[in-house]
Amino acid sequence: MWTRLQDSFLSNDPIEQKFRELGKRSEGVIVAYLMGHDPDPQSFLANAVSLIEGGADILEVGIPFSDPVADGPTIQAAGMRALSAGATPRLILDTIGELSAQFTVPIVTLTYYNPILAMGVERFIRTACDRGVSGMVVPDLPLEEADAFRHMALKHNLDSIYLAAPNTSTERLQSIVNKSKGFLYLVSLYGVTGPRDILSAQSLDAVKKVKSLTRGKIPISAGFGISHPEHVSSLLRAGADGAIVGSALVRIVAEHLDNPEETQYHLKKNISALKQASKQHH
Amino acid sequence: MEPLEKLADAYLRFSRDPSFKKELTKWLENYAGRPTPLYFASRLTDDARGAKIYLKREDLLHGGAHKINNTLGQALLAKKMGKRRIIAETGAGQHGVATAMACAALGLKAEIYMGREDMERQGLNVSRMKLLGAVVHPVDSGSKTLKDAINEALRDWVTNVEDTYYLLGSVVGPHPYPTMVRNFQSIIGREARRQILRQEGKLPKAVVACVGGGSNSIGIFHSFLSDLEVDLYGVEAGGQGMSPGKHAAPLVAGREGVLHGMMTYVLQNAEGQIETTQSISAGLDYPAVGPEHSYLMSTGRTRYVTQTDSEALNAFKQLSQLEGIMPALEPAHAISYATHLAKNLGREDSIIVNLSGRGDKDVDTIARQLPQ
């Protein structure tokens, strides 16, 4: 478990602290994703609050990109809703600022590299830090091309979080483990984001494989395709330190676009069930 | 990254293997119809009253476009790598058709992603792909054109990476695609250089080619890059004019960005969202461009210009009626620019235009636009 090796890792990084704190009680970390400003800024803010109140440990906020190649239809549609509502990186970061002023949950952003580049890497990172963002995932920026970004993030104490896939080679995985901060984002299956009914054996094997390599150097959060409490328990049992749930939550938003109370009720109920599973997986 | 590294390794290995080269050459000669002629368009030249215009007749290749040079190369590579399922994106449908042909000939399964809008304007090619045994997946996301077809093909590839080979059709995407596709297409320029020396006894003053993703242009430019006396012109789609969303000219009007795993010139708004594009030719309707073009432009070696939809249509009509050659709407942009350029050059000079494909696929579109 993550706690056993915590000694080498005493930082004041909010994300690492969260993993450490929960790890001590043998509890998994639930990372909850929503697309920023989906379907509009006010609803997004209320939805995010429901997730936090429902027990999300880390909030992951998507910043939409017109061409999200790593995402399935659910999150693509969410990005389009946000863009039609006038979402920009700056406006979403401002809303994140409102959240981080009220709540202590660490917030991570997920966006593709082009919107970051368009704003300017340093300006983007500085603004994000200023609004209380603790980490960033950039799915189309591979580690091999990320040096400038990573150093800038380091300079501003922002975690750059990298993705690893089941077919990532041991050698590359090693360098991802060495260069990641916060947590390692394990894409636990082949493909794009989107909820699946069954968690494949492949996903659990991937967790075990990565676990044997990280050896506690960095927490592992597994994502892509997670929607049921049983998914969370089996991933945690396989050795993950956290689980990322995205499309399943975004789908709730999409299903109740005209009914915010219903959205918030379901988000809260859903995240509570996942959180519960993260406490009772052993 | 791993599948790309494996692909890069395999490509490097086979590209140095004489037996692979020999096999590919055999396919290019006996199946695709290489070498293609370099044709002196005398009536077009007379009409322009300037430099001699030569056409590199890639439109005469099997399938009707330069795309087969690349699909044969990559399909052969896929087969050597033990992949049985081939996926591809297509804009105008020419790459889809060329993929379907290469796959049929080599006994591979082909699935083609194509934007819904492109399927509507290139119906003939959709039928051809299906008749050749390929499965065509309509793409309804985004602008329903080439960039969205690439998005969908990439999503398919990451999902089915174990048994699937992604046969990208242009010099775009992540490494090794831009290099690999360029190398497979560079045969165009190698032949053209030899042919012009044989026919004119000297190098041309200029080489002109249309640029969508940029494969036919890189293919013909490559052999002339070190001939600094030869001007290289890439012609982008000027569409309906240069206001945002009305054209497809990233090199002329875009700025540096990252799309589809490459850093290059991209049409985008202030926030980095990719702009929609517009062009009468589906094959040029793409908001980014091969990164090597961006590099060549930055060094000043190549120049990029635009021609509008109506200029391309006029060139189509002109070439059809003066030479009996119906160009695809994509190279019609290059023909149009070359006729302007010829007027400003001496009669002893020559220009080579890459006639990258034939116009049969565009007959419906053109019939709707041109008065009888």
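One residue stands out among those in the stretch B:349-372 that are more than 20 Å from B:Gly123 (Cα to Cα) and in contact (Cβ under 8 Å) with a residue 24 or more places away in the chain: the one that is most open to solvent (accessible area, probe 1.4 Å), which is B:Asp349.
Would you check if A:Pro39 is in contact (Cβ under 8 Å) with a residue 24 or more places away in the chain, within 14 Å of another protein chain (Cβ to nearest Cβ) and outside any helix (DSSP H, G or I)?
On the way: in contact (Cβ under 8 Å) with a residue 24 or more places away in the chain: yes; within 14 Å of another protein chain (Cβ to nearest Cβ): no; outside any helix (DSSP H, G or I): yes.
Considered against the rule, which asks whether it is in contact (Cβ under 8 Å) with a residue 24 or more places away in the chain, within 14 Å of another protein chain (Cβ to nearest Cβ) and outside any helix (DSSP H, G or I), A:Pro39 comes out as no.
Which numbered condition trips up B:Arg84, out of (1) open to solvent by 10 Å² or more (accessible area, probe 1.4 Å); (2) modelled with pLDDT of 95 or more; (3) not polar (S, T, N, Q)? For B:Arg84, the failing item is (2). On inspection, B:Leu72 passes the criterion of being in contact with a helix residue (DSSP H, G or I) (Cβ under 7 Å, 6 or more places away or on another chain) and in a helix (DSSP H, G or I). Restricting attention to the stretch B:211-227, does a residue exist that is open to solvent by less than 20 Å² (accessible area, probe 1.4 Å), at positive phi and more than 12 Å from chain A (Cβ to nearest Cβ)? Looking through the stretch B:211-227, at least one residue is open to solvent by less than 20 Å² (accessible area, probe 1.4 Å), at positive phi and more than 12 Å from chain A (Cβ to nearest Cβ). Just one of the numbered conditions (1) at pLDDT 95 or above; (2) open to solvent by 30 Å² or more (accessible area, probe 1.4 Å) is not true of A:Val69: (1).
Only one of the numbered conditions (1) away from chain B (no Cβ under 14 Å); (2) assigned to a helix (DSSP H, G or I); (3) within 17 Å of the chain's Cα centre (by Cα) is not met by A:Gly182, and that is (2). If the condition is being open to solvent by less than 10 Å² (accessible area, probe 1.4 Å) and either of a type in the set (Asp, Glu) or farther than 14 Å from A:Lys275 by Cβ (or both), then the stretch A:236-246 contributes A:Ala240, A:Asp241.
Scanning the stretch B:139-157 for residues that are within 8 Å of chain A (Cβ to nearest Cβ) and in contact with a helix residue (DSSP H, G or I) (Cβ under 8 Å, 6 or more places away or on another chain) yields B:Ser141, B:Gly142. Take the residues of the stretch B:270-288 that are over 11 Å from B:Lys246 (Cα atoms) and open to solvent by 20 Å² or more (accessible area, probe 1.4 Å): which is nearest to the other protein chains (Cβ to nearest Cβ)? Going through the qualifying residues, I end up with B:Glu271.
Within the stretch A:14-45, being in contact with a Lys or Arg (Cβ under 7 Å, 6 or more places away or on another chain) and open to solvent by 10 Å² or more (accessible area, probe 1.4 Å) holds for A:Glu27, A:Pro39.
Of the helices (runs of 4 or more DSSP H) contained entirely in the stretch A:52-144, those carrying at least 2 residues that are more than 9 Å from chain B (Cβ to nearest Cβ) and basic (Lys, Arg) fall at A:121-130.
Which one is farthest from the other protein chains (Cβ to nearest Cβ) among residues in the stretch A:145-164 that are closer than 24 Å to A:Gly23 by Cβ and not in a helix (DSSP H, G or I)? So that I can check it myself, show each step before the final result.
So the first thing to find is which residues in the stretch A:145-164 are closer than 24 Å to A:Gly23 by Cβ, and the list is A:153-154, A:157-164.
When the remaining residues are screened for being not in a helix (DSSP H, G or I), the result is A:157-164.
Values: A:Asn157: 24, A:Leu158: 19, A:Asp159: 21, A:Ser160: 16, A:Ile161: 16, A:Tyr162: 11, A:Leu163: 10, A:Ala164: 10 Å.
For the stretch A:145-164, the residue satisfying everything is A:Asn157.
Identify all residues within the stretch B:292-305 that are within 17 Å of B:Gly238 (Cβ to Cβ) and open to solvent by less than 40 Å² (accessible area, probe 1.4 Å); write none if there are none. Within the stretch B:292-305, B:His293, B:Tyr304, B:Val305 qualify.
Just checking, which of B:Ala237, B:Ala249 is over 26 Å from A:Pro142 (Cβ atoms), away from chain A (no Cβ under 14 Å), crowded, with 24+ Cβ neighbours inside 10 Å and in contact with a Phe, Trp or Tyr (Cβ under 8 Å, 6 or more places away or on another chain)? Quick ask: steps written out before the conclusion?
Working: B:Ala237 fails: in contact with a Phe, Trp or Tyr (Cβ under 8 Å, 6 or more places away or on another chain).
Answer to the check: B:Ala249.
Going by what's in this entry, would A:Gly216 be described as farther than 21 Å from A:Pro14 by Cα and not in a helix (DSSP H, G or I)?
Details: farther than 21 Å from A:Pro14 by Cα: no; not in a helix (DSSP H, G or I): yes.
The answer is no for A:Gly216.
Taking every residue in the stretch A:205-220 that is within 9 Å of A:Val177 (Cβ to Cβ) and pairing it with any residue that is at pLDDT 85 or above and in a loop (DSSP other than H, G, I, E, B), at least 6 positions away or on another chain, the pairs with Cβ-Cβ distances below 8 Å are A:Ile218/A:Ser180; A:Ile218/A:Lys181; A:Ile218/A:Gly182; A:Ile218/A:Phe183.
Condition first: open to solvent by less than 20 Å² (accessible area, probe 1.4 Å) and either within 22 Å of B:Ala88 (Cβ to Cβ) or out of contact with any helix residue (DSSP H, G or I) (no Cβ under 7 Å at 6 or more places or on another chain) (or both). Now tell me which residues in the stretch B:185-208 satisfy that. Show your work before the answer.
So the first thing to find is which residues in the stretch B:185-208 are open to solvent by less than 20 Å² (accessible area, probe 1.4 Å), and the list is B:185-186, B:188-189, B:191-192, B:196, B:204, B:206-208.
Answer for the stretch B:185-208, where residues must be open to solvent by less than 20 Å² (accessible area, probe 1.4 Å) and either within 22 Å of B:Ala88 (Cβ to Cβ) or out of contact with any helix residue (DSSP H, G or I) (no Cβ under 7 Å at 6 or more places or on another chain) (or both): B:Gln185, B:Ser186, B:Ile188, B:Glu191, B:Ile196.
Residue count for the stretch B:36-56, restricted to those that are within 17 Å of B:Gly357 (Cβ to Cβ) and either surrounded by fewer than 20 Cβ atoms within 10 Å (Cβ to Cβ) or in contact with a Lys or Arg (Cβ under 9 Å, 6 or more places away or on another chain) (or both): 5. Does B:Val266 meet the test of being crowded, with 22+ Cβ neighbours inside 10 Å, within 30 Å of B:Leu228 (Cα to Cα), facing chain A (nearest Cβ under 9 Å) and in contact with a Pro (Cβ under 7 Å, 6 or more places away or on another chain)? When the stated conditions are applied, B:Val266 passes them.
Can you tell me which residues in the stretch A:254-279 are aliphatic (A, V, I, L, M) and surrounded by fewer than 20 Cβ atoms within 10 Å (Cβ to Cβ)? Lay out the reasoning, then the answer.
Going residue by residue through the stretch A:254-279, those that are aliphatic (A, V, I, L, M) are A:254, A:257, A:267, A:271, A:273-274, A:277.
Those that are aliphatic (A, V, I, L, M) and surrounded by fewer than 20 Cβ atoms within 10 Å (Cβ to Cβ): A:Ala254, A:Leu257, A:Ala273.
One residue stands out among those in the stretch A:146-168 that are open to solvent by 40 Å² or more (accessible area, probe 1.4 Å) and under 14 Å from B:Glu2 (Cα atoms): the one that is modelled with the highest pLDDT, which is A:Leu163.
Show me the strands (runs of 3 or more DSSP E) found entirely inside the stretch B:87-175 where at least 1 residues are open to solvent by 20 Å² or more (accessible area, probe 1.4 Å) and either among the basic types (Lys, Arg) or without any contact (Cβ under 8 Å) to a residue 60 or more places away in the chain (or both).
The strands (runs of 3 or more DSSP E) meeting that bar are B:109-115, B:135-139.
The values are calculated or read from the model by the stated rules, or taken from the named source; none is laboratory data. Since the structure is predicted, the reported quantities are computational estimates derived from the model, not experimental observations. Neighbour counts are summed over all protein chains in view; Cβ atoms, including those assigned to glycine, are modelled from backbone coordinates with ideal geometry. With ligands, DNA and RNA removed, areas are computed over all heavy atoms of the protein, side chains included. Shrake-Rupley method; radii C 1.70, N 1.55, O 1.52, S 1.80 Å.
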